[in-house]
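Visitor: Structure incoming, see below.
The values are calculated or read from the model by the stated rules, or taken from the named source; none is laboratory data. Note that this is a predicted model, so its numbers are computed, not measured. We place every Cβ from the backbone using ideal geometry, glycine too, and count neighbours over all the protein chains shown. Just the protein is used for accessible areas: all its heavy atoms, side chains included, with ligands, DNA and RNA removed. Shrake-Rupley method; radii C 1.70, N 1.55, O 1.52, S 1.80 Å.
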Amino acid sequence: MQLARVIGDVIATCKDPNLVGQKLLLVQPLDPDHKPVGRVLVAVDSVGAGAGEEVFVVRGREASFPFLPAEVPTDLNIVGIVDHWATEGDDRS
Amino acid sequence: MQLARVIGDVIATCKDPNLVGQKLLLVQPLDPDHKPVGRVLVAVDSVGAGAGEEVFVVRGREASFPFLPAEVPTDLNIVGIVDHWATEGDDRS
Amino acid sequence: MQLARVIGDVIATCKDPNLVGQKLLLVQPLDPDHKPVGRVLVAVDSVGAGAGEEVFVVRGREASFPFLPAEVPTDLNIVGIVDHWATEGDDRS
Amino acid sequence: MQLARVIGDVIATCKDPNLVGQKLLLVQPLDPDHKPVGRVLVAVDSVGAGAGEEVFVVRGREASFPFLPAEVPTDLNIVGIVDHWATEGDDRS
Amino acid sequence: MQLARVIGDVIATCKDPNLVGQKLLLVQPLDPDHKPVGRVLVAVDSVGAGAGEEVFVVRGREASFPFLPAEVPTDLNIVGIVDHWATEGDDRS
């Protein structure tokens, strides 16, 4: 998974039927120092994250597991909201 | 998923039987400022997007979900047409 | 999927039994201006492409769909030969 | 798989139900000279690795195999703790 | 798939039960000129490759196909030993 921050959302009236009712969020991947790294992506959200929150996202086929048996066509899903993380020798939140 | 713009199409007479009848579109991934980022890719389209439209695409195994039970051999599918997106503190369309 | 050109082939006597009889081609991914982009990869071919032809390739799990029910251990498959592609305002082949 | 070092952990009270009880570790991918390469990622752990240990991680759908039949929504799993590795002509640990 | 050279191996006493008995090899991806490209990775091997040999590797879910019905948690597998490869106008081995 990847650390990320929710930075916005996407409105799409016309979308795949299995995405109807799914919130679509813009997420910016982060490094352990909370700095942006890599491309902004579009994620669905199975944990109720809000704008500005730090989360972690899962990619690929696994991103759709929380919606089974519905076959939601997503490749990125927010699966946790981060309280804090810590690396050797320090504590970061 | 990834924000992208439809920039063209691909004509291929000889292709896998499960791709026959599928529109093949060239898509340019975008960043939140609508600027191109990364490689142009070839996508199928399950929502009827047209040239110049901003969309979001899903990659990998999930790209073929909308076509089940047909096993369409695609790794990229346009699954939504973007009305607009917004990031913290501003509104972009 | 990704635009690519077939630039050669690979001979391998010793290989996984499910790859026996599969042609193994070297493909160079292309941008819309027909210029090389990214790494040369090894693909199987379900459409009969030849050296020098422009094609599009599918990656990942989907690459093996055309061979089902055989479980061919490939992550890249040529699934179409390109006649031409066109982008906004011009026509490229 | 990829060589990596466990450099920390992530605390998340609110997460997908199938991740409850899973330790979430920060891992830094390594090159064969033990130097960091690429982004820090979040992994689950099926072998009991601890901070500072060198491990190897598996990505994608396969990362969730060790948890079957539970469908754990992870795309990265620590599947081994490295004793040492060796390259042609030398021995590194 | 990707061309690669076997450059070493990894010893791991503590690993996922489904990896026990699998040889773990370090592989360096190669370009068509036999030069290293990209990160060194850890692969399992279903064809009996040895140190220094040029091979091709398959990534992702497909990497575990040769071990079915065992669900080996690997995302990279050596599926062929290269005799030689050829590109337009020359012959390389």
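Yes/no per residue for (1) within 11 Å of chain E (Cβ to nearest Cβ); (2) under 21 Å from A:Phe65 (Cβ atoms):
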position	(1), (2)
D:Val44	no, yes
D:Ala51	no, no
D:Asn77	yes, yes
D:His84	yes, no
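Here's the yes/no breakdown for (1) within 28 Å of E:Ile7 (Cβ to Cβ); (2) in contact with a strand residue (DSSP E or B) (Cβ under 7 Å, 6 or more places away or on another chain); (3) facing chain E (nearest Cβ under 10 Å):
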residue	(1), (2), (3)
D:Val6	yes, yes, no
D:Cys14	no, yes, no
D:Val40	yes, yes, no
D:Val47	yes, yes, yes
D:Pro73	no, yes, no
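Visitor: Can I ask one more? Could you grab the pairs with beta carbons closer than 6 Å, sequence gap of 6+ or different chains, first residue in region D:43-64 and crowded, with 20+ Cβ neighbours inside 10 Å, second one of a type in the set (D, E, K, R) and assigned to a strand (DSSP E or B)?
Guide: D:Glu54/D:Arg5
Visitor: Next question. Does A:Asn77 satisfy the criteria of being open to solvent by 10 Å² or more (accessible area, probe 1.4 Å) and among the polar types (S, T, N, Q)?
Guide: Details: open to solvent by 10 Å² or more (accessible area, probe 1.4 Å): no; among the polar types (S, T, N, Q): yes.
No, not satisfied.
Visitor: Quick check on region D:80-92. Is at least one of its residues among the polar types (S, T, N, Q) and out of contact with any Pro (no Cβ under 7 Å at 6 or more places or on another chain)? Don't jump to the end; show me each part of the working.
Guide: Let us first name the residues in region D:80-92 that are among the polar types (S, T, N, Q), namely D:87.
The next check asks that each one be out of contact with any Pro (no Cβ under 7 Å at 6 or more places or on another chain); those that pass are none.
No, the conditions are met nowhere in region D:80-92.
Visitor: On to the next question. Does any residue in region A:1-19 that is of a type in the set (Asp, Glu) come within less than 6 Å, Cβ to Cβ, of a residue that is outside any strand (DSSP E or B) six or more places away or on a different chain, and which pairs are these?
Guide: If the second residue must be outside any strand (DSSP E or B), the pairs left are A:Asp16/A:Pro73; A:Asp16/B:Ser46; A:Asp16/B:Pro66.
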